[in-house]
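The block underneath contains the structure these notes are about, expressed in structure tokens.
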Amino acid sequence: MRERDSELDELFSDPQDLEVVHLLRSARPAAPPLDPHFRSYLRGKLIAEARRTLPARPRRPWFGIAPMPAMAAVAATFVLVLGYELYQRGQAPAAPAPIRVTAQVDRTNAAPAEPIRLQFSGAVDRTAVEESIVIQPATQYTTRWEGQTLVVIPLHQLAASTTYTVALLPAPASTPHPSATAAPAPTPAPTPVVVRFVTAPAPPPPVTPPAFASANITFIGDSRLADAGTFGVATWTGDGQIMATRPALNGRPSARPSASSTPSGTPAATAPAAAPVTGKAMDLWLMSPSGKFVRPLATDVLYPAAAPQDGTVAFWHPAGDRYALMETTTGDLAGQANQLAIVTGPPSAPPVWLGADRIAYVDAGQLHVVDLLGNPVPLAAPIPVSGAAAPSLDGHRLAVQTPAGAAVYDLTSGRSTALPEGATAFSWSPKGDLAFAVQNPTGSALFVLGATELKPHAVASSAAGELWSNFNWSPDAVSLLFTSRSGSPASGTSSVALLVDAAGSTPRPFGGRPYETLQWSPDGRLVLLTRRDETGQAALWVATLKVGTLSDVERAQQEALAVVKTFMDARLANDSATASQQLSAAGTAAYQQAGLALLSPGSPRFERWYPVTVQLIDKDSFLIGVRIVQARDKVETGFYEEHLTVARHDQTFLIDGVQPSAPVSLSAGGPAVVSVEVRQEGAGQRILVHFDSDLAVDTVNQTAIVIRDGNDVPQHVLDLSYDQQTHLVTLRTKLAPGSYKLVVTTSLQDVNGKSLAQDYSAPLVITG
Amino acid sequence: MSGGNENERDLVDRAQRDPEAFGALYDRYFPQIYRFAYSRLRDQSVAEDVTSEVFFKALKNIKRYTYTGHPFSSWLYQIALNAVADHYRRQRGELELEEAGPVPDGLPAVVDEVVRRDRSRRVWAAIDQLPRQQRAAMVLKFGEDRKIDEIAVIMRKSPGAVKLLLHRGVERLRRDLPALEVEVS
């Protein structure tokens with residue numbers, strides 16, 4: 001009998017569990033049969049191979065000669081240009097060509113598994129470079145080359161809030177042969193390339209229900225994670241990470257067979273379809289909560305589906321002329337995936353997880369289930385599928401559309417319960433309640449079938465012409481988010497996100513924006529969603545929720561934003577009276593002095609608006625910048641901004657002042673600022689400027705983006721960084737309290753070489 | 001850090017350059033890696049293939065191995081886990097269970113031993129029927145006496161997730177092996 005295991009003692013307390021544990025502990029598996037010759041045979045082969053590959057070799061230099069001492073490393077910008085120059089391999093010493101090494105890693109907030117990319121401006125000896133890598137603290141890693149960029153991929157999560165050093169430590173250029181007897185000529189020791197970065201703080205542990213209460217939430221704001229066209233679908237993993245598909249970086253076409261090459265008669269979707277089939281390969285990536293694509297998980301992925309717990313993911317992958325059901329985990333840094341099943345036709349929906357260890361999919365109109373080894377799991381009764389299918393989170397029940405109508409199947413007994421005719425948009429709560437919609441000619445009705453109920457009950461119904469879909473339960477199984485669409489393709493459609501108490505209440509708007517496909521994060525504090533951008537395409541956003549009581553400043557900000565929303569919506573609706581009610585006397589005078597029209601009924605007319613910046617002036621006043629997009633005959637032609645001073649007057653906020661910007665024509669093209677955010681961090685600030693397109697990296701500098709004070713004097717910026725994935729420029733400053741302005745000049749270009757249409761200026765308020 | 005771990009670290013450092021040191025690592029870890037492979041595969045020749053694959057992969061990559069505070073064996077188990085998964089991917093489906101192998105020395109009387117072997121065979125056969133991740137966690141904990149933190153590293157999961165797998169595994173054995181409860185009690 002083995003010694004007690006304190007871990008097992010802590011883990012198991014139930015007497016019946018302890019009996020099984022005791023049995024397992026006392027019944028160690030029998031020693032396996034072993035051929036003693038095998039052990040010595042393998043040892044001999046290994047030693048022979050080790051002698052061939054292991055003999056100690058001095059580290060090879062990966063450049064031809066040693067660098068000049070004067071070229072010391074200087075970290076200057078976010079795209080960490082090490083002012084360290086090396087020499088191209090093979091160059092004559094008399095005419096060395098410098099090789100620049102550029103490191104791309106968030107220096108102060110690196111994701112815990114973020115690859116470290118070192119870009120070389122010239123050819124190097126790749127093997128020698130790889131051999132020269134030293135990471136401190138010790139880290140297991142693997143490497144790959146993307147052109148001239150060396151990507152160092154940690155094989156485990158890096159420690160949070162820790163300074164890491166990645167060094168390339170090349171050996172001296174002239175290395176004596178081990179057998180040489182003469183003393184080698186002294187060579188200057190090369191200066192190493194050193195990249196230092198600090199990993200992000202550990203994320204707060206998810207708050208699990210019932211600590212989270214969806215009945216007591218406030219919408220705080222939203223931020224864009226990915227622009228339209230840069231992602232396919234996105235979803236939360238069971239452990240609270242975001243995974244998203246994105247077009248393959250090398251633009252390769254998908255390996256998936258064309259529809260014509262697959263048998264017809266493929267079954268319909270097993271769940272609401274989400275991924276576009278574009279013919280272009282989509283890769284699956286882990287995405288940080290700030291929208292950065294952190295690490296690839298799998299290539300050529302169709303319809304990923306996250307397991308309800310941990311970071312396991314199932315997806316479809318082309319396999320010759322068929323499709324494979326694959327499974328991998330966000331923790332598998334080696335990018336390995338397991339093949340579980342093969343289907344003949346192109347899948348039209350994601351596989352669905354039945355609990356944590358079984359996956360269901362549809363093939364030839366029938367539901368099939370496999371475990372995570374790919375072993376078929378028999379069903380108690382065949383389940384024909386003609387539409388959507390959604391399993392309960394514990395995997396015991398399945399809501400499904402069958403040729404005979406919608407029903408809920410008990411997967412253990414095989415018994416089914418019919419749902420009302422037309423039931424669709426199934427969504428299960430963590431407690432086992434099923435929400436679904438029934439569409440009828442006059443609108444939609446939301447039903448909930450409680451976990452212990454035999455019959456569903458109606459929760460709410462829509463106005464005529466509204467279509468409700470995409471139900472998503474809050475983690476505490478109390479509230480539902482969903483999308484309501486109205487209109488028609490001919491007349492134009494609109495959508496709005498609604499929040500409803502599942503126990504029965506009138507749905508109320510969520511966030512006040514045309515959000516779609518909303519997904520609550522596992523801890524309930526964020527909502528992943530899509531929102532149409534200027535071109536009508538879906539961009540990926542995340543909304544932040546405040547759970548519990550708002551602080552005074554947060555409440556004041558919500559009130560101020562609500563006033564601006566009322567003001568702007570009224571202007572777009574040509575409702576002069578309501579708009580005017582949001583202006584104080586000073587605000588009315590400010591509009592008159594600036595010659596700004598409140599309404600724009602003619603051409604161009606106000607088409608839409610959105611907030612660009614919200615800055616705290618003091619606890620009773622805010623600077624809120626809004627961008628007003630103008631259109632002629634429904635074609636958007638340009639925009640301008642109004643920076644509104646919104647201040648408290650007795651019990652309500654009113655608009656006291658306005659500063660307009662110059663109009664910008666959309667026909668000129670070029671990059672545009674989308675939002676400006678000021679974050680006070682200790683004695684300094686972080687100023688985040690979000691652009692709408694890929695910027696030319698070499699134009700993102702402190703000439704193009706400047707902060708000026710009230711006298712137009714440029715202010716010192718500690719550093720400036722640019723994240724290509726999120727189009728985000730971050731400036732770190734240490735400004736004294738006061739008024740400043742952010743200026744973006746026309747020297748800034750996008751990757752197509754198009755310059756900013758005209759200088760952009762936005763006021764900044766530093767409160768200290 | 002224990003002195004044992006420091007010795008292991010030195011040995012691993014040397015094995016990155018010295019074939020004989022790699023041989024010493026092999027001598028130290030062969031039994032547990034082979035046992036682990038066999039417990040997952042139940043086929044001697046396949047277990048030999050997988051064990052061979054593990055050590056050749058370890059040799060190929062040992063220059064990249066850096067010490068992270070976890071035993072070197074965790075890394076080997078990680079490679080073994082992947083090799084086993086690769087095997088199943090190639091083979092599809094489980095291999096048939098074989099009879100339990102030779103009995104280690106120094107065990108109780110013959111009748112007790114027969115009962116013990118039967119129960120052992122049945123409980124480990126039941127473990128073989130668990131879902132893949134539960135099975136790996138159970139084998140590493142109950143068969144290999146690994147710490148939960150180590151299993152987490154090997155399986156690339158959080159310690160909490162490993163605890164959950166162990167819990168589920170034990171629960172499922174409780175459900176699937178009601179007769180065993182009687183025997184134990």
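Values of log10 I(q)/I(0) for the stretch A:488-620 across q = 0.12, 0.18, 0.22 Å⁻¹ run -0.66, -1.31, -1.51, by the Debye formula with one identical scatterer at each alpha carbon and no solvent. Each residue of the stretch A:450-456 was assigned a 3J(HN,Hα) from its phi angle through the Karplus curve 6.51 cos²θ - 1.76 cosθ + 1.60 (θ = phi - 60°); the sequence is x, 4, 10, 9, 9, 10, x Hz, with glycine and proline shown as x. Counting Lys and Arg as +1 and Asp and Glu as -1 over every other residue whose Cβ lies under 11 Å from the Cβ of A:Arg485, the net charge comes to -2.
Taking a Cβ cut-off of under 15 Å around A:Val352, the surrounding Lys, Arg, Asp and Glu residues balance to a net charge of -3, with basic ones at +1 and acidic ones at -1.
When the Cα positions of A:Ala337, A:Tyr409, A:Val369 are compared along the charge dipole of the stretch A:327-417, A:Tyr409 comes out farthest toward the positive end, with charges on each C-beta of Lys, Arg, Asp and Glu.
Taking each of A:Lys546/A:Lys619; B:Lys60/B:Lys163; A:Lys292/B:Lys163 in turn, the alpha-carbon distance tops 21 angstrom for B:Lys60/B:Lys163; A:Lys292/B:Lys163.
By the count of other C-beta atoms within 10 Å, a proxy for reagent exposure, A:Phe482, A:Phe293 are ordered fewest to most as A:Phe293, A:Phe482. Per-residue Karplus couplings for the stretch B:29-46, computed as 6.51 cos²θ - 1.76 cosθ + 1.60 with θ equal to phi - 60°, are listed in order as 10, 3, x, 6, 5, 5, 4, 4, 4, 5, 5, 8, 10, 6, 8, 4, 5, 5 Hz, Gly and Pro entered as x.
Fewest neighbouring Cβ atoms within 10 Å first, the residues A:Ile617, A:Ile655 line up as A:Ile617, A:Ile655.
Once Lys and Arg get +1 and Asp and Glu get -1 on their Cβ, which of A:Tyr515, A:Thr452, A:Ser600 lies farthest toward the positive end of the dipole of the stretch A:452-601? About the Cα centre, the residue reaching furthest to the positive side is A:Ser600. Going from the residue with the fewest nearby Cβ atoms within 10 Å to the one with the most, A:His317, A:His457 rank A:His457, A:His317. The label point for A:Ser576 and the one for A:Val751, both projected 7 Å from the Cα toward the Cβ, are 4.8 nm apart. Straight-line cross-link reach from A:Lys431 at under 20 Å between alpha-carbon atoms covers these lysines, not counting any fewer than eight positions away in the same chain: A:Lys455. Taking every alpha-carbon pair in the stretch A:398-470 and binning the separations at 5 Å intervals from zero gives 4, 17, 27, 26, 16, 7, 2, 1 percent.
Read-outs: derived from the displayed coordinates by stated rules, not from any lab. Given the structure is predicted, the values throughout are model-derived calculations rather than measurements. Because the Cβ atoms are built from the backbone with ideal geometry, glycine has one as well, and the counts that use them run over all protein chains shown.
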